1. If THR200 satisfies every condition in (1) closer than 19 Å to ASP112 by Cα; (2) of a type outside the set (Lys, Arg); (3) within 16 Å of the ligand (Cβ to nearest atom); (4) free of Cβ contacts under 8 Å to residues at least 60 places away in the same chain but one, which is the exception?
2. Select from the range 47-72 the residues that are touching a residue at least 60 places away in the same chain (Cβ under 8 Å) and crowded, with 19+ Cβ neighbours inside 10 Å and write down the one among them that is farthest from LEU151 (Cα to Cα).
3. When residues of the range 353-408 are filtered for being among the acidic types (Asp, Glu) and more than 23 Å from THR339 (Cβ to Cβ), how many remain?
4. Go through the range 435-480 and count every residue that is within 12 Å of the ligand (Cβ to nearest atom) and of a type in the set (A, V, I, L, M, F, W, C).
5. Looking at LYS443 and the list (1) closer than 20 Å to HIS39 by Cα; (2) surrounded by fewer than 22 Cβ atoms within 10 Å (Cβ to Cβ), which single condition is not satisfied?
6. If you take just the helices (runs of 4 or more DSSP H) that sit entirely in the range 2-110, which of them hold at least 1 residues that are within 16 Å of the ligand (Cβ to nearest atom)?
7. Looking only at the range 459-475, filter to residues that are crowded, with 18+ Cβ neighbours inside 10 Å and out of contact with any strand residue (DSSP E or B) (no Cβ under 8 Å at 6 or more places or on another chain); which one of those is nearest to VAL33 (Cα to Cα)?
8. Can you name the number of the only condition in (1) modelled with pLDDT of 95 or more; (2) on the phi < 0 side of the Ramachandran plot that ARG272 fails?
Amino acid sequence: MVRKFPEGFLWGGATAANQYEGGWNEGGKGISVSDCARHHLDVDVQDYKAHNSITTKDIEDALKSTDDSLYPKRHASDGYHHYKEDIKMYAEMGFKVYRMSIAWTRIFPNGDDKEPNEEGLKFYDDVFDECLKYGIEPLVTMSHYEPPINLVLNYDGWASREVIDMFVRYVEVICERYKNKVKYWLTFNEVDSMIRHPYTTGGLVEDRFPGRNFQEVIFQAMHHQFVASALATKICHEKIPGSKVGCMLTKLTYYPYTCKPEDVLQAQQDMRSTYCYSDTQVFGEYPAYLLAKFKNEGIHIKMEEGDLDIMKQYPVDFVSFSYYSSSCVAKNADGLKTTAANTMIAIKNPHIPSSDWGWQIDPIGLRISLVDLYDRYRKPLFIVENGLGAKDELVNGTVDDQYRIDYFDAHFREMLNAIEIDGVDLMGYTSWGCIDIVSESTKQMSKRYGFIYVDCDDEGNGTYKRYKKKSFDWYKHVIETNGACL
Ligand code: BG6
């Protein structure tokens, strides 16, 4: 029997403004945290700490620097000037949906501005119109590593309560403006990532909180994002009847390294420390084990009256997530080989291969993740990030990326298994970096995920011309046949 994805399955691709758009100082845009994140090309790609650590001095240097080659997100893939041809290529592949983010700093350049920037609003009007012209639904992330730098320097980033109001104002403006164009929304990209890179997610720089427990600062900021996310859901529902709002979590999937009960327990504990954030956004309340962690570790979160009610009243409609790889966990990791995963280092699984960046390739892990999430939440799921970051070589105007086709093919088959055998309700799939974009963790352009190659190197040199890779036609055929060709 030929297997297919459900009718109306939302196939597409995903990018984020900070990694795709560039045009960092055009159209009235303000400076975001990502515009100040420099690359460290001489540092081991697995040393995430070094790639993501930042001080106030680094930001000051960035603000003075006119050398954009050091700050890859300032040019990114130059989507700001190329979006029309890019969307045309997505349409050619048959995309039903395009996940993208709005750069907060295009709308409110400093976050605390009185009035929005009309040029920024107009830019996204044009982007959405371009999508809709081809029948592509925009799926919009409201915040994807794009807090205005002003919030870092003149407030305490998301640790400031006031930032909730600024974000709410931004959400009111975009929901009002795009109410006839955008139906699918995500509030915060990988809300949990604040733990791993507090600067890009929450605008938090450790040296700005002397004498404070930085973990507490992070959780305070996260609390503010939970409240802001619930309020954003409320605004969306009120302004756009029928709109759907999702949370977005990093689906880190942990296996016990052995069947020793200690290792199994450790894996369970680590899984819970990932789920606790989506639990909060789906169930609308902090799970008991997160509250226990706060208590045991002396973390005190300031909550205002009404916060918990707001969170309870406006949970998300669906659960979206990123999935790239699985990892192993052991109670005692001494002597075990480690490897990189999504902004973390984990114990290496000897049974599965790894990407050029050490991320382990595990399609069955995607099925396991889908089942776990659906059993836990019973809400529709949406895979909004997945893909293979690889070193691609452009030869005669194309890239022979059979390795990427193999990666997708295996993952799509497991998605079908999850839908057909496990009964998972999966709304859609957007591959990450459907066009090459700058990597988040290492800020390299040479870590490529796309079906479309962008001629630009790690320092921003190149023509920025677009080329179809071999996977372009392959993905087009998958969408055309709704997976029947797999
Ligand atoms: C996700 C982020 O965690 O992983 C993206 O939401 C990021 O912004 C993606 O780009 C892949 O990670 P990287 O480091 O390969 O770009």
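1. Answer for THR200: the failing condition is (4).
2. Within the range 47-72, the match that is farthest from LEU151 (Cα to Cα) is TYR48.
3. Final tally of qualifying residues: 3.
4. So the answer is 3.
5. Unmet condition: (2).
6. 17-20, 48-52, 79-93, 104-107
7. GLY460
8. Answer for ARG272: the failing condition is (1).
The values are calculated or read from the model by the stated rules, or taken from the named source; none is laboratory data. Small disclaimer: the values here were computed from a predicted structure and weren't measured. Quick reminder, even Gly has a Cβ in these numbers, built from the backbone with ideal geometry, and neighbours come from all protein chains shown.
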